[in-house]
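The values are calculated or read from the model by the stated rules, or taken from the named source; none is laboratory data. Keep in mind that what you see is a predicted model, and the values were worked out from it rather than measured. When we count neighbours, we look across all protein chains shown, and the Cβ atoms used for this are built from the backbone with ideal geometry, even at glycine. These area figures cover heavy atoms from the full protein model, side chains too; ligands, DNA and RNA do not enter into them. Shrake-Rupley method; radii C 1.70, N 1.55, O 1.52, S 1.80 Å.
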Amino acid sequence: MIDLTQYLRLEIEVPTTGLPNLVQNPNGELGTWGWESPVSGSIMYTGTSAGLPTISYRHAPSAIAGYFTTEFMPLAAGKYVAARVDITNITAGHRIKLRPVFYNSSKTLISSGAQTNGFTTGSGQYLLPPALAPAGTAYVRLRADIYRMAGPTDTPLTPNANCFVDLRNVMVTWANTSGAISTVKTNLIPNPSVELDTATWTTMGAPLGLAVGAYSGTYCLSMAGSWGNVGFYTQVPISGGKDYTFSTYLRQSTGASAGQLYLRWFTSTNTQISTKIVNINTNSTWTRFSATATAPSNATSVWVMYYTAAVTSAATYYADAMMLEEGTTPSTYFDGSKSSTAQKVYGWSGTPHASASTESSTDFAYVEPVQWQNILGPTSEIQISRKELDVGLLTATLHDALLDPAVANSVVKPGRRMRVMALAPVSDANQGITAGNWYSIYTGKITKGLSEYNPPKGVEVTISASDNVKSLAEQMESSSVANAADLAYTLEGKGVPWNINGSGNQISSASVVAYNANASMLDQISLTRDTTLAKAWVDRNGVLQFRTAWNPTPRINFYDDDPRIASDPAHYLSWSDAPTTYDTDDCINSVTVKWLRYNVGTNQTTEISYGPYEDSAAIAASNNTVYSKEFKICGSPSNEDSAWIKTNFADPVLAANATPVRKVRSLTYPVKQEEHMLSAIANDLYSNVYLRFKVTGTDTIASNHQITGLEHTITAKGWNVSYTFADTGSVAAPVFIPSPPFQGVGVAPGVWQNYTPSIVNMTGSVQRSRWMRVGNTITYQFRIYVTGGAGSTAAITVPVPVSNTYYAFENIFGEHIGEVTILNNSTGYISSGHAYTLGHSGMIIFRPRDNSIEWPGSSLIGAYVQGYVIYEAA
């Protein structure tokens, strides 16, 4: 059984210890979310420079003014805001000028700060000096304008078409005073360079002495190898849950030796908790070594230590320039005696050479936008549940009074980000996993903190979190798009990263085919997913994934009956862990469609029903049982045709789902060994896995399955991962999407009533030119009520419509004002005493198009137009 506290981290976003970075996607690693390109035809996109990711801007394909901005970032009035960027590439002859833009709580512009000089490549890092946020400020944006400029102070000119700029390490920060906008690093070791004595250092063998020839300053520690073992340590106060890095320069006068660096953690009662050990090899050259580890949540101090018993007896061992600092990367060595420069100031926090030392940078260094604190403890319990486009939930239960949300300085605050990280113990190139890297298995935001107080057991804290599906569901979006790529247009500004068929870039325009003011962004994603028969989900990193024709190569195999078990025992499961099923609920042998039809003239979207489209053979094979699903889709008006919908939508759905397949419904995989962690890390929603399990006797299921549901259950007793599967070729089940809103001001519905003039003389020749006025500002729904020809029937012939799309009415002025369907647009029969609804609303004056409806004269039939009030015209 593995120690999960060494391989898992439950992390909460915490306030930064130095300057914050308000830019949430500073390098484009999560696509282009967090950035906007308002100029028509311009886009943000991602790229690389020297192998590193960049956030990039490409200007419109015309010579017009160009700029781009971050999304709104919270900032209080009276604060000083500053920024920095690294420019890695820009179109020759062009520069960018930065400025802050301030907005109130309604996101209305207040004012803009002063622009900088023009920046280009060369110096790399550029700074926006501190600017004071005016009264009323609630938000700030960083704006970058691009110009043609030869020099930094030359007159800015309109940029060239398609010019570009690549940026990295974008940072917007704030402070209470302009002078405070600087980066402060701390070397926690009180006597790091032993320039005066060996105070605070304790030997691990040979006596400690001072010697010249130091790496930094004049003196360094010295230890004689003739003692048989050498080493030293000091104990330093720290804060639990944070990352720390210990570094030191070491050498020996002759030979080479193997040794170790230690980070040994202690509680407030000086009880040892755990130790991080890094193996090293020293020789006669000054070499820097480092060790990094996360302090346990209950740690209050740490021993930083070097030790070796494999000494060269004739050698003298030296150590110098010791540092202990927060973070995972060792900084360039400093202590309080280092000479200050115009950019960096050094000092001691107390007595020189007997206290922590600091480095203050006035050209503040880049920091990541989020800092994390690990709160995982030995009594933690974590439950994660994620499924397709459902909200991904996390519940964590911990017994730690310091996490009590009732405590003022608790890190458990609603709205803060939260994630679960897993350490890859070994590498696997096939799965894209590198040993020693941490991988997310859940990313979300805290929605609730709950404390329960039980004196015998202490405080039990339960933290609830939701992923970005919740954010997408809470933001309204009226624009409907039928193409996957066009989703990027509607996702811009929503604060959720996306990956649409491999791209997180913005697009300059989109084809919007309908509007629905009742829809959320999640509804629009579902609509486009169903329209394109795609797959969509929010992944473990919080990124919206949208993929058409998605059928990836499986990374993981699970089996109970396979020759590979001998070579891959980590993925053997008993059949009882993976029940196999044949489920008729998976069947779709009948499809109905609601098409969102947008009327440009009235600016209204209505739902038009088509179908049902059926697979008669599949229905017969199901003992004439109909398994029907209704899909809501949209598209170009030229595609709104029953035949087109059947060929391009209904038939593919029926082909994929009309006949269920035998599959493994679900499986639970226990993570007991390091090898098991690869599967837990590699698999995500809509990953494909290969499964081979016995059904009965020699009958075996052996096929790829697609993960549509995923759960993690993590306790002190172990870690179980449960998967729910769908057939790789199946279509995602449709979800509820709200209908477009009712247009106008609603009034009480009326009753069906006759209107004059009535349509009479319906015998003899075909009637093609009847029209009537039935109201002024009142909108009606109309139907034909047959009054004559009792007991007789006659055909209503509906010819091919003029537009091949719909049957329409138009007013006497020729303006197109709506559509009509009669008896499902097919040949039907009428008889006395029956009413036939035209399915038409919104008209005031109408007449049939020529040849749109033919009333045969073979029987004496009379008819009235009847109607009732739907609503008053808006």
Requiring at least 1 residues that are in contact with an Asp or Glu (Cβ under 8 Å, 6 or more places away or on another chain) and touching a residue at least 40 places away in the same chain (Cβ under 8 Å), the strands (runs of 3 or more DSSP E) wholly within the stretch 272-335 are 287-294, 316-326
So, in the stretch 650-676, of the ones that are modelled with pLDDT under 85 and in a helix (DSSP H, G or I), which residue ends up most open to solvent (accessible area, probe 1.4 Å)?
675
Top-ranked residue of the stretch 677-700 - restricted to ones that are open to solvent by less than 10 Å² (accessible area, probe 1.4 Å) and in a strand (DSSP E or B), ranked as farthest from residue 6 (Cα to Cα)
693
Any idea how many residues of the stretch 510-524 are within 12 Å of residue 736 (Cα to Cα), touching a residue at least 60 places away in the same chain (Cβ under 8 Å) and either assigned to a helix (DSSP H, G or I) or touching a Ser or Thr at 6+ places or on another chain (Cβ under 6 Å) (or both)?
2
Quick one: is residue 119 in contact with a Pro (Cβ under 8 Å, 6 or more places away or on another chain), within 20 Å of residue 181 (Cβ to Cβ) and modelled with pLDDT of 95 or more?
no
Single unsatisfied condition, residue 474 versus (1) charged (D, E, K, R); (2) surrounded by fewer than 17 Cβ atoms within 10 Å (Cβ to Cβ); (3) over 20 Å from the mean Cα position of the chain (by Cα)
(3)
Matching residues, the stretch 76-111, being in a strand (DSSP E or B) and farther than 24 Å from residue 58 by Cβ
80, 81, 82, 102, 103, 109, 110, 111
Within the stretch 1-47, restricting to residues that are closer than 16 Å to residue 489 by Cα and among the aromatic types (Phe, Trp, Tyr), the one that is modelled with the lowest pLDDT is 33
Count, please, the residues in the stretch 364-378 that happen to be open to solvent by 50 Å² or more (accessible area, probe 1.4 Å), part of a loop (DSSP other than H, G, I, E, B) and either within 26 Å of residue 19 (Cα to Cα) or in contact with a Leu (Cβ under 7 Å, 6 or more places away or on another chain) (or both).
1
Quick one: which of 500, 446, 463, 507 is touching a residue at least 12 places away in the same chain (Cβ under 8 Å) and either of a type in the set (Ser, Thr, Tyr) or farther than 30 Å from residue 710 by Cα (or both)?
507
Could you tell me whether any residue of the stretch 636-648 is closer than 16 Å to residue 734 by Cβ and either over 34 Å from the mean Cα position of the chain (by Cα) or open to solvent by less than 50 Å² (accessible area, probe 1.4 Å) (or both)?
yes
Reported set for the stretch 479-509 where residues are of a type in the set (Val, Ile, Thr) and assigned to a loop (DSSP other than H, G, I, E, B) is 496, 507
Would you pick out the residues in the stretch 713-770 that are at pLDDT 50 or above, assigned to a loop (DSSP other than H, G, I, E, B) and aromatic (Phe, Trp, Tyr)?
736, 742
On the basis of being at pLDDT 95 or above, closer than 30 Å to residue 318 by Cα and outside any loop (DSSP other than H, G, I, E, B), does residue 142 make the cut?
no
